[in-house]
Amino acid sequence: MPADPLLRVEGLTRKFGDLTAVAGVSFEVGRGELFGLVGPDGAGKTTTLRMLAGVLRPTSGDALMEGISMARDPERAKPRLAYMSQRFGLYADLTVAENLRFYADLHLVPRAERAARLERLYRFSNLGPFKDRLAGKLSGGMKQKLGLSCALIHQPELLLLDEPTFGVDPVSRRDLWLIVHEMVEQGVTAVVSTAYMDEAERFDRLALLHQGRVLALDTPSALQKGLEGEILELRTDRVREAREAASRLPAVRRAAIFGDRLHLTVPSASADGPAVEAALRQAGFAPREARPIPPSLEDVFIERIAAAEAA
Amino acid sequence: MSPTRLLAVARKELLQLRRDPRSLMLAFALPVLLLILFGYAISWDVRDIRAAVLDQDHSASSRDLVDAFRSSGYFTIVRFLARSAETGPLLERGGAQLILVIPPGFERDLGAGRAAPLQAILDGSDANTATIAQGYAEAVVRTWSSRAVLRGRSVVPPVDPETRVWFNEELASRNMIVPGLVAVIMMIIAAMLTSLTIAREWERGTMEQLAATPVSRLEVVLGKLLPYLAIGLIDVIVSSVLGVLLFKVPFRGSAALLMLLSACFLTGALGLGLFISAVARSQVLATQLAMIATFLPTLLLSGFMFSIRTMPAALRAISYLVPARYFLVVTRGIFLKGVGLEVLALQGLLMAVFATTGLGLAVSRFRKELQ
């Protein structure tokens, strides 16, 4: 738990009719922390972020930014936060420069500081040469960088980003993360959601969301250590059928597909490995390159989500 | 409220408008088009009624009567019929709107001092024109018969009424229509224009982003309203100039007063559009709602097409809720009568109430919140 949290989320709940999109989510985000909301589609990441940004009213619970209630008094917090929705939310029929100016005006950024801030944002985002291009004519990655630039123009204390790297090419993805890390280094607190498990290791701490609930809340390394058992990785033909067969073996607690490989959760990779391999071979598969590996966050998530679904 | 933020919204709205040909058409071309179309198409004046004559008397008197019809200016004699059997088919084809039948013995009866019957057959399928044509025909016959009776004797008629029409001396309906059109068009265009703006932002996802900024609801509503208010006033000026130059409608009042009251009226109509937009959250629904809320009531219940005085009580009661009703009094009053606030004070007050209501509705219903 952070000692001096900037954001305290308490039992945040949002229902849409009969559907509960977010069910009693609680966590704290420390000042200057890069906090992740990780989970598959439909986990409640977007709904949670919308409530944190004060654009969606919680059904119950609250999120407090330094004591300001986002449920009751969101307007007071808005000058200090920035929110970037998952869907491109800028004006496609305005140019890059016009969008930036619009958001600078809305946040009353002093004229004297504008030039310096814009110059810095253009440098970060490499959008300088595209200043006069309509935002709608930018590539997906550039659109996201423009969205992030507009969000940063007023130097917010809290940055809320909803899947900023969704559908973005790898180069732009790296650029986006560079900007986020740079901001966090300068003391900005960031809450970022992602469905890409491989991005989860970037967070200082993260909450694993599934069906509107927090399944796990910790640092990435603590989450990795917390996994019971070990991971046995092996290559095989017909991975889907092999997964089926492997998951029926008594020693295998969980079997997951990673490309052409299987990740099997077993009590001990060295002790159980040969037996598992033999059993698969007997079942007509050709397993090879079996080796114990340290659990990735993805393994942890799959394990946790499967456990939650079984419960 | 921050002027910077308000102007930022207004400026953004203008930039978007400048790049959107469809909205530009709606804002500038449509009012002019409607004015020209309606201005030329709608006329309640009945002139040049197509008349046919079945003269069975063939006398000097019957020819004189036909001449009286011809020279009245209301009738154009399109045909002379030979037999009464031709009357039916002619009316069926719409070849004539009125058939004047002069029976045999017309002159003889007149000369003998007996009542001389005449027959006018009218095409009643257009009841309005038929009624007016009947009135004209009766007037022509009355004038002609009094002259015929008095012919040869120099008697001064005891009463010689001289009617004088004020404000619209020629009783030209376009003098009523054009100022009324300005009011009707402004109501429709204004509500249509703004009904799109908030709904569009919800649909495109830009509102979610805007809602997360400290911009206030009043700043958004006013910022979106201001550019369209300017456009609306330009439309009023263009329509008025067109009315005066193209349709030769007199403009006798104060242009400044017209602008002031137009600004109030437009603010109300634009606010109503924004209110609809905030409620609907979808462009298609918002446009339809704006059309329903403005087009029919304004066209039918404002007094533009039908006199409010002759409406059934229920419709007359509803018409009090149609803001264009009051603005119509303003435009007609300023154009034709040249009256000022001393007469239009009530309308001015009602315009102000409309403006406040429109704005208030828009601000109260617009939420910076997803659903």
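If we scan segment A:250-261, do we find a residue that is over 28 Å from A:Gly39 (Cα atoms) and surrounded by 19 or more Cβ atoms within 10 Å (Cβ to Cβ)? First the steps, then the outcome.
Let us first name the residues in segment A:250-261 that are over 28 Å from A:Gly39 (Cα atoms), namely A:250.
Subset that is surrounded by 19 or more Cβ atoms within 10 Å (Cβ to Cβ): none.
No.
Here is a yes/no grid of residues against (1) under 29 Å from B:Ala112 (Cα atoms); (2) at pLDDT below 70:
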position: B:Gln134; (1), (2): yes, no
position: B:Ala137; (1), (2): yes, no
position: B:Val156; (1), (2): yes, yes
position: B:Val165; (1), (2): no, yes
In segment A:109-118, which residue that is in contact (Cβ under 8 Å) with a residue 12 or more places away in the chain and either hydrophobic (A, V, I, L, M, F, W, C) or open to solvent by 40 Å² or more (accessible area, probe 1.4 Å) (or both) is nearest to the other protein chains (Cβ to nearest Cβ)?
-> A:Val109
Looking at this structure, is A:Leu81 surrounded by fewer than 16 Cβ atoms within 10 Å (Cβ to Cβ), closer than 26 Å to A:Leu52 by Cα, at pLDDT 95 or above and facing chain B (nearest Cβ under 8 Å)?
-> no
A:Gln86 is checked against (1) open to solvent by 40 Å² or more (accessible area, probe 1.4 Å); (2) in contact with a Pro (Cβ under 9 Å, 6 or more places away or on another chain); (3) of a type outside the set (Val, Ile, Thr); (4) farther than 30 Å from B:Arg22 by Cα and fails just one. What number does that condition carry?
-> (4)
Under the condition of being open to solvent by less than 10 Å² (accessible area, probe 1.4 Å), within 14 Å of another protein chain (Cβ to nearest Cβ) and in contact (Cβ under 8 Å) with a residue 40 or more places away in the chain, which residue from segment A:36-51 is farthest from A:Val214 (Cα to Cα)?
-> A:Leu49
Among helices (runs of 4 or more DSSP H) entirely inside segment B:1-76, those with 3 or more residues being touching a strand residue (DSSP E or B) at 6+ places or on another chain (Cβ under 8 Å) are B:60-71
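Name every residue in segment B:1-48 that is more than 30 Å from A:Glu75 (Cα to Cα), within 13 Å of chain A (Cβ to nearest Cβ) and either hydrophobic (A, V, I, L, M, F, W, C) or surrounded by 17 or more Cβ atoms within 10 Å (Cβ to Cβ) (or both), in order of residue number.
Within segment B:1-48, the subset more than 30 Å from A:Glu75 (Cα to Cα) is B:18-48.
When the remaining residues are screened for being within 13 Å of chain A (Cβ to nearest Cβ), the result is B:18-24.
Within segment B:1-48, B:Ser23, B:Leu24 meet the criteria.
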Can you tell me which residues in segment A:16-38 are within 18 Å of the chain's Cα centre (by Cα) and acidic (Asp, Glu)?
-> A:Glu28, A:Glu33
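Out of B:Leu118, B:Leu100, B:Leu91, B:Leu122, which single residue is over 30 Å from B:Arg174 (Cβ atoms) and not assigned by TED's automatic domain parsing to the domain that holds B:Val178? So that I can check it myself, show each step before the final result.
Working: B:Leu100 fails: over 30 Å from B:Arg174 (Cβ atoms); B:Leu91 fails: over 30 Å from B:Arg174 (Cβ atoms); B:Leu122 fails: over 30 Å from B:Arg174 (Cβ atoms).
Result: B:Leu118 is the single residue among B:Leu118, B:Leu100, B:Leu91, B:Leu122 that is over 30 Å from B:Arg174 (Cβ atoms) and not assigned by TED's automatic domain parsing to the domain that holds B:Val178.
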What single numbered condition from (1) in contact (Cβ under 8 Å) with a residue 12 or more places away in the chain; (2) more than 11 Å from chain B (Cβ to nearest Cβ) fails to hold for A:Tyr91?
-> (2)
Single unsatisfied condition, A:Gly54 versus (1) among the small types (Gly, Ala, Ser); (2) open to solvent by 20 Å² or more (accessible area, probe 1.4 Å); (3) within 14 Å of chain B (Cβ to nearest Cβ) = (2)
Quick one: which helices (runs of 4 or more DSSP H) sit completely within segment B:259-371 and have at least 2 residues that are farther than 17 Å from B:Pro179 by Cβ and out of contact with any helix residue (DSSP H, G or I) (no Cβ under 9 Å at 6 or more places or on another chain)?
-> B:283-301, B:313-319, B:341-365
Does A:Ala279 satisfy being part of a helix (DSSP H, G or I) and crowded, with 17+ Cβ neighbours inside 10 Å?
-> yes
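Among the residues of segment B:306-320, which ones are hydrophobic (A, V, I, L, M, F, W, C) and touching a residue at least 12 places away in the same chain (Cβ under 8 Å)? Explain how you work it out, then say what you get.
First pass over segment B:306-320, keeping only residues hydrophobic (A, V, I, L, M, F, W, C): B:306, B:308, B:311, B:313-315, B:317-318.
Within segment B:306-320, B:Ile308, B:Leu315, B:Ile318 qualify.
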Here are some conditions: (1) in contact with a Ser or Thr (Cβ under 9 Å, 6 or more places away or on another chain); (2) in a helix (DSSP H, G or I); (3) open to solvent by less than 10 Å² (accessible area, probe 1.4 Å). B:Gly223 meets all but one. Which one does it not meet?
-> (1)
Which ranges mark the helices (runs of 4 or more DSSP H) fully within segment A:1-106 that have 2 or more residues being among the aromatic types (Phe, Trp, Tyr)?
-> A:96-106
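The values are calculated or read from the model by the stated rules, or taken from the named source; none is laboratory data. Predicted model, so just to flag it, every value in this text is computed and none were measured. Using ideal geometry, Cβ is built from the backbone for each residue, glycine included, and neighbour counts are taken over all protein chains shown. Note: accessible area is taken over every heavy atom of the protein model, side chains too, but ligands, DNA and RNA are not part of it. Shrake-Rupley method; radii C 1.70, N 1.55, O 1.52, S 1.80 Å.
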